[in-house]
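Contents: one structure, followed by commentary.
Coordinate-derived values only; no laboratory data. Note that the structure is a prediction, hence the values are computed from the model and not measured. Quick reminder, even Gly has a Cβ in these numbers, built from the backbone with ideal geometry, and neighbours come from all protein chains shown.
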Amino acid sequence: MKPVWVLMCAIGVVGSNSLVLSPIAADVAGAFEGKAASDVMQASAVYGGTTAMSALFLAPRADQIGLKRALILALVILVAALTASALAPSLVVLTLAQGVAGIGAGLALPATYGLAADVAPKGQESATLGKVLTGWTLSLVAGVSFAAVLADMLHWRSVFILMTLMSGGLIVLIWKMRVAERPATAIISPFRAFRVPGLLPVLLAVVAFMSAFYGLYAYLGAHITTELGYSTGVAGFAALTYGVGFGVVAPLDRLIDRFGATKAAPIVFAALLLVYLLMASLAGQGVAIFVVCLLWGAVNHLGLNILVGQLTALSPSQRGAILGIYSATTYVAMFVGTAAFRPVFEAQGFAVAAILSAVCIAPALVGALWALRRSRGTTVPAAE
C-alpha cells in the first residue's frame, strides 16, 4: 500500500476514536448500571484533554526519535488503550482507557501530518497532505456511521475491537513503509518552538478557524432536531454530507501547490466566511442546511490543508514540535469554541451562532490578506 494511503488510514482510525462515542453513548451507558449517555461523554472530554497535553509535550520527541517510529509508538499505545476500552468492566476504566488513547492520538496526529510532508513528491506537498486529510472523511463517513450500525448489530464493544485490529494492522504497514529518515534532533521544548518565525500568525488563524468550526458544529445536531424537527438519524446525515464535501474536494488541493498557500488563503477564508453567512441565512430551511454542510466540508478541507501545509513548511527540523502545538491548539479551540457558542446558541439560536463563526473567521482572512500583501511587497524589489 502506498505511504499516503497508509497515513490516510492512520488519521481515519485516530479520528474515528475521537468521534465514535457520540453515536454509541446510549448503548455504552446501558452496559453500566446507573449511567447516562452524558456520563459516557465525559470519557470523550478526558480523551480531548490528554490529546492536547500529549500533542504539546510528547510530539516534540518525535523529532528526536523520528516521525515513523513516533507514529508506530503512538499506535502501540492506541492498541493498548482500545483493547482496554473494549474490555472495560466499568465506566471509570473506559474513561481511563480513553485518556490513554488521547496520549497516543496526541503523538500520532503530528507524526502523521509530518510524515505526509516527508513522503510527498516535490511540488505536490499540498496534494499529498490533502489525501492524508481525507482520513477525517473516513472517520466521519465510515467510522461514525458504521460504528452506530455495528453497535446495533453486535455490541458497542465490537466497535473498539475493530479499531484495535485496524490499529494493529497499521503498525505492520507503517513498519514496512519506506521513509527518508531525517537526522535526529535534540528534544525541543514546545515553548521554544514558538520562536519559529511565522508560527504565531498561523496559530492565530488556526484558533479562528477551529473555534468557528467546533463552536457551530457542536450545536448543528441540536438545531436540526429541536428547531427543524428532524430525527436524530437525519441530524446524523448533516455530518455525513459534511464529510462527503470534505473528501470530494481533495483533487483541488493541487491548486494550492500550483498557486501557493499565500495566494490561496485569502480566497479560501473569504469563501468560508461566506459559507457561514449563507448558513445563517438558511438556518431555518431544512434541505438547504444539508447543501450548505456539503459546501462547508469542502471549503474547510482547503482551509485545513493551507494551515497544516504552512506549519509543516516552517521548520522541518522542528516539525513534530510545531505540529504538536498545532494539535494542542486545535483541541483548546474546540473546548473554547464549544463553551463560548453555547450561550449564544441557547439565547439567540443557530443563525446568530453561524454569524459568530463568520466573525471568528474574519481575523484569519485579514491575516491572510496581510501576508499576501507582504509577500508581494518583498518580491517586487527582488524582481527589479
Study note, to complete from the structure: Note on the chain: helices (DSSP H) long enough, at least 18 Å by alpha carbon along their axis, and hydrophobic enough, mean Kyte-Doolittle at least 1.0, are 3-19, 67-87, 91-119, 156-176, 199-217, 232-248, 261-281, 286-314, 350-383
Study note, to complete from the structure: Rounded to one decimal in nm, the spacing of the 7 Å Cα→Cβ label points at S281 and A313 is 3.3
Review point. Counting pairs of alpha carbon atoms under 8 Å apart in space and at least six apart in sequence, what relative contact order in percent does region 2-104 give?
Key: 32
**Study point:** Computed over the chain, Cα set: Rg, Dmax in Å
**Key:** 20.3, 75
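Using helices alone, what [θ] at 222 nm do you get for the chain, with -39,500 (n - 2.57) per DSSP H run of 4 or more residues, divided over all residues and rounded to the nearest 500? Display every interim value, and only then the final one.
Numbers: 16 runs with 301 residues, N = 384.
Roughly -26500 deg cm²/dmol at 222 nm, from the helical runs in the chain.
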Exercise for review: Take the chain, connect every pair of alpha-carbon atoms lying under 10 Å apart with a spring to form a Gaussian network, then pick out the residue of M53, M177, M163 with the largest mean-square fluctuation.
Suggested key: M177
Exercise for review: Pick out which of Y242, Y214, Y230 has the largest mean-square fluctuation in a Gaussian network model of the chain, springs linking Cα atoms closer than 10 Å.
Suggested key: Y230
Check your understanding: What number, in percent, do you get for the relative contact order of the chain if the mean sequence gap of Cα pairs under 8 Å and at least 6 apart is divided by its residue count?
Key -> 26
Check your understanding: What does the highest-first list of 317-325, 217-225 look like by mean Cβ count within 10 Å?
Key -> 317-325, 217-225
Check your understanding: Assigning unit charges at the beta carbon (Lys, Arg +1; Asp, Glu -1) and nothing else, what dipole magnitude in debye, to the nearest 20, does the chain show about its Cα centre?
Key -> 1160
Exercise for review: Calculate, for A142 and L255, the FRET efficiency according to 1/(1 + (r/R0)^6) with r their C-beta to C-beta distance and R0 22 Å; round to the nearest 0.05.
Suggested key: 0.25
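Between R376 and M153, what FRET efficiency comes out of the Förster formula 1/(1 + (r/R0)^6) with R0 = 51 Å and r the beta carbon distance, rounded to 0.05? Walk me through the intermediate numbers first.
Details: r = 57 Å, r/R0 = 1.12.
With a Förster radius of 51 Å, E is 0.35.
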Exercise for review: Measure off 7 Å from each Cα along the Cα-to-Cβ vector at V76 and W175, then give the distance between these two points in nanometres to one decimal.
Suggested key: 1.0
Check your understanding: Going by a ≥ b ≥ c, the root eigenvalues of the Cα gyration tensor, does region 259-384 fall in the rounded group (a/c under 1.5), the prolate group (a/b larger than b/c) or the oblate group?
Key -> prolate
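Compute for region 56-173: radius of gyration divided by Kirkwood radius, i.e. Rg/Rh, restricted to C-alpha atoms, rounded to two decimals.
1.01
Let's test the formula: R0 of 41 Å, r as the Cβ-Cβ distance of A339 and K122. What FRET efficiency results, to the nearest 0.05?
Details: r = 43 Å, r/R0 = 1.04.
Once rounded, the FRET efficiency stands at 0.45.
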Practice item. Determine the shape class of region 234-312: with a ≥ b ≥ c the square roots of the Cα gyration tensor eigenvalues, call it rounded for a/c under 1.5, and otherwise prolate if a/b is greater than b/c, oblate otherwise. Key: prolate
